[in-house]
Amino acid sequence: MEGLNLITDGQTWWAIHVSCYPLNLGRGHLMSTEILILGHLHHLQTTSHHHGDKLLTNMSPQRSISIQLSRWSSDLRWRVILLLLLPPLSLLVFLSLSSSPPITAFRSSSPSFAPLQSFFYTPAPPQPIYRARNSTSGGQPAADRSGITELGRSRMAVCLVGGARRFELTGPSIVERILKVYPNSDLFLHSPLDTSAFKLSLLRTAPRIAAVRIFEPKPIPETESEARVLTARGSPNGIQGLLQYFHLVEECLTMIKTYQAQNNFTYDWIVRTRVDGYWSAPLGPENFVPGQYVVPPGSSYGGLNDRLGIGDFITSTVALSRLSLIPLLDSAGFRLVNSETAFRAQLTTNNVSYITKRVPFCVVSDRRYKFPPRHHVPVVALSSPGPLNGAKCRPCTAACYVPCVGSAMDRLNRGWSWTERANGALQLCDAHGEWEKGWEGVFDKTCGKKLAAARKRVRGLKLKQCVDDFEKMKGRTGNWDAPPAVDICRLGLGS
């Protein structure tokens, strides 16, 4: 719809061309108005009508006035009403556009809408890109630093569970690449007392320690529902091994809740990771997704990778309740499932959404696995340039690179032991035997001077220094539940 209109201020006449046409915006239609001021009336003899085939030529001012007065009333009240209505109508259109989400059809419209497009639509910032630790980019991307700063204003608990067998390799990476990246985070440690527990004194350098529990493990009685739901298949220590692991995880949640109650607050985020987890790069802010529980891809064994989890307090409460939710799984009909399948069932039966994200984390293992993996467990080299996604790993001279890795991974079941290998991210170890001779040098070269120094410190640690380290650590901890430091140290170092 369009027309040519004349408006006067009492002395000068103005010619205005008005065009109205619908805009299809995907979710409905809006009328768009285009107003073109053609100029003073005495200029109209050389002004063409751009949207039609008419040409205003050789037309006297008197004739133009009579034509327009026949189509539109020149009554003063009509013009006043029109002028009063236009501003609120324009404001209404403005608000309807600005309050709507960006619309693809609108963004892809012709260049004539470019100014309006830039006004209403602001593109989302790009997702942070993972950078391998040997990147030459000169530090973390700005998006990562911004996200870390924002998370620094949140309350975060880091739940660290499991035995300390290779903690001289993994512990310093956890301190440097999680706890010091988010220095406002509180550490919660839940670990069994054994001959490697003395290595936990490396956590003395953690920025904040909320609670520590080092306990003597005891058999956990098996209930009828646990016997129906869980299977010993694939678990090195049978169902008892699963129960011990589930207890480690859930007790850490109990420690967190106790600390919250004591200090009258609730954590925004909980990061649950393992004592035997090695971090090759910092934990990025893109892994904190409100309302969704984040786990690594691969190593899912029919369920979900349960070696790492990140979520808000609500989703984490469900994810960490490994023992107490087994009766619910029993009622839902789950039978003879492994840890990974039970973990996924916990989330789905409680309507918790989950998402997989690539993370620079692996589980350092002394176990032996067939090589090439074929249908078995791949063991990745710590020297792998990309995210390790919770796979089993060890320091080794890599025996398999691209395209060998691609061939090996293609033979694995994607829903079982398969591991993400995008862009040549992985290198594989020949893990059919013990760790290779000289693995210490491989580790030191791969992981850098700071982590190498921590490894050497533990190797040369004396009883007195170990006890002093634990006492310093205890003095900085909110809740401490552990045997005397001298007992922990003597168990691993002797007298």
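The values are calculated or read from the model by the stated rules, or taken from the named source; none is laboratory data. Please read all numbers here as calculations on a predicted model, not as lab measurements. Using ideal geometry, Cβ is built from the backbone for each residue, glycine included, and neighbour counts are taken over all protein chains shown.
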request  = Can you give me the ranges of the helices (runs of 4 or more DSSP H) entirely in segment 273-354 with at least 3 residues that are touching a helix residue (DSSP H, G or I) at 6+ places or on another chain (Cβ under 8 Å) and without any contact (Cβ under 8 Å) to a residue 40 or more places away in the chain?
outcome  = none
query = Which ones in segment 352-369 are of a type outside the set (A, V, I, L, M, F, W, C) and under 20 Å from Leu323 (Cβ atoms)?
reply = Tyr354
ask   = Could you say whether any residue in segment 358-379 is assigned to a helix (DSSP H, G or I) and either closer than 25 Å to Leu230 by Cα or not assigned by TED's automatic domain parsing to the domain that holds Ser235 (or both)?
value = no
message = Pairs please, first residue from segment 234-249 and over 14 Å from Tyr301 (Cβ atoms), second anywhere and in a helix (DSSP H, G or I) and aliphatic (A, V, I, L, M), Cβ atoms under 6 Å, 6+ apart in sequence or on different chains.
response = Val249/Leu320
inquiry  = So, in segment 143-191, how many residues would count as being closer than 16 Å to Asn287 by Cβ and among the charged types (D, E, K, R)?
reply    = 4
task = Report the residue count in segment 448-485 for those that are β-branched (Val, Ile, Thr) and under 13 Å from Ile214 (Cβ atoms).
result = 1
task = Look at segment 444-472 and say how many of its residues are in a helix (DSSP H, G or I) and either among the hydrophobic types (A, V, I, L, M, F, W, C) or in contact with a strand residue (DSSP E or B) (Cβ under 9 Å, 6 or more places away or on another chain) (or both).
result = 11
key: segment 193-218 - residue that is part of a helix (DSSP H, G or I) and touching an Asp or Glu at 6+ places or on another chain (Cβ under 6 Å) and, of those, surrounded by the fewest Cβ atoms within 10 Å (Cβ to Cβ)   = Arg204
request  = Spot the failing condition for Asn184; the list is (1) modelled with pLDDT of 95 or more; (2) in contact with a helix residue (DSSP H, G or I) (Cβ under 9 Å, 6 or more places away or on another chain), and only one is missed.
outcome  = (1)
note = Across segment 378-409, the tally of residues that are modelled with pLDDT of 85 or more, touching a strand residue (DSSP E or B) at 6+ places or on another chain (Cβ under 9 Å) and buried (at least 19 other Cβ atoms within 10 Å of the Cβ) stands at 17
note = (1) outside any helix (DSSP H, G or I); (2) of a type in the set (Lys, Arg); (3) surrounded by 14 or more Cβ atoms within 10 Å (Cβ to Cβ) all hold for Arg490 apart from (1)
inquiry  = Can you say whether Thr223 is polar (S, T, N, Q), at pLDDT 95 or above and under 25 Å from the mean Cα position of the chain (by Cα), as far as the supplied structure shows?
reply    = no
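Residue-wise test of (1) in contact with a Gly (Cβ under 6 Å, 6 or more places away or on another chain); (2) free of Cβ contacts under 8 Å to residues at least 60 places away in the same chain; (3) among the hydroxyl-bearing types (Ser, Thr, Tyr); (4) within 16 Å of Phe443 (Cβ to Cβ).
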position: Phe361; (1), (2), (3), (4): yes, no, no, no
position: Ser383; (1), (2), (3), (4): no, no, yes, yes
position: Leu388; (1), (2), (3), (4): no, no, no, yes
position: Ala391; (1), (2), (3), (4): no, no, no, no
position: Pro395; (1), (2), (3), (4): no, no, no, yes
position: Ala408; (1), (2), (3), (4): no, yes, no, no
position: Arg411; (1), (2), (3), (4): no, yes, no, no
position: Thr419; (1), (2), (3), (4): yes, no, yes, no
request  = Restrict the check to segment 433-442 and report whether at least one residue is modelled with pLDDT of 80 or more, over 19 Å from Leu169 (Cα atoms) and outside any helix (DSSP H, G or I).
outcome  = yes
key: Filtered residue count, segment 250-272, keeping only those that are without any contact (Cβ under 8 Å) to a residue 40 or more places away in the chain and within 30 Å of Val337 (Cα to Cα)   = 2
